[in-house]
Each structure stands twice: as C-alpha cells, then as structure tokens.
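Following: one structure in structure tokens, then a few remarks.
Bear in mind that the values in this text are calculations on the coordinates, not laboratory data. Quick caveat, the model's predicted, so the values are computed rather than measured.
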Amino acid sequence: MKKWIFAIPALLVLFSGCLDSQSASPDPAKITIKGLEFYTNLAPALDAAGVQGKPVFVYAQSEFCGWCRKFEEETFTNTSVINILNENFILVSIDVDRQKNETRNFRVHGTPTEIFLDPKGTEIRRIPGYTDTETFLNTIIELKS
C-alpha cells in the first residue's frame, strides 16, 4: 500500500508533463530564426499579406549553407532589421533541400536568396546570394509599405 502512495503522485506528475508538452508545441507551419517568426508555406503567408496589405519577404535557405548562417547571425540579429521586418512584412522561409517544389517555383539557384513579393504574390525584388546587413536594411526600408 505504501508503494502506491508514492507511485500515484509520480504517475500524475509524469502524465501532466506529457499533456503540457503537447499543448505547448509550436505551430508546425512556422519556424523561428533568430527571433523572427517565418511561415514555412507560401499560401497562408499570402493570405495574411492580403488581409494586412503587407509585402512578403521570402528567405530561401539551406540547413548546410554557411552564407545563410552568416546572413542570419549578422542581419537577423540587427534590431532595426527585426523591427522593420516584424512591422512591415509577412515572412516566409523555404528550405531548398526539403521544399523542392517551392524552390523550383521561385527559381532559386543558390542560397541564400531573398525574394520580395507584393501582397498578391508578384515578385518585386530579388537578392541572390549573401548580402550585408546595411544593403539588406536599405532594401527593406525602401520596400516597406
């Protein structure tokens, strides 16, 4: 009987922990890169862009791309960049290794590639390859709504 007195609370704690982890799981259609939240599919991003009247920033990257990591470390940690992107753009990230159709549709031939779309999905600007923070910042200032 004494064994059950300790076992029951332990099982309750374990079971409640399982419930917590399931309810706290992040949205699978979004990822976070350096504090910026990105959609991982274009369709819901375009829906949000249409409703909010904001342009879309598509970041084409690869898990093993050194220039992508450099861009993220330098640019996605810049306070001005973060603020402008969060306030003025809908963000999408595509992994060129995992999202082959999107990669083909966007005609991405190398990473990183930064693509800007109007709220209807028409491309308005493309930056192929690595770009420094100042150049990227100037671009998003020019394109923000």
Item to check | Segment ARG125-ARG69, length gained on full extension (0.36 nm per residue, minus Cα span) | outcome: 18.0 nm
Checklist outcome for this item: For the stretch 27-143, shape from the Cα gyration tensor axes a ≥ b ≥ c, cut at a/c of 1.5 then a/b versus b/c, turns out rounded
Next on the checklist: Taking 8 Å as the Cα distance limit and 6 or more residues as the minimum spacing, I'd like the relative contact order of the stretch 27-143 as a percentage.
Outcome noted: 32 percent
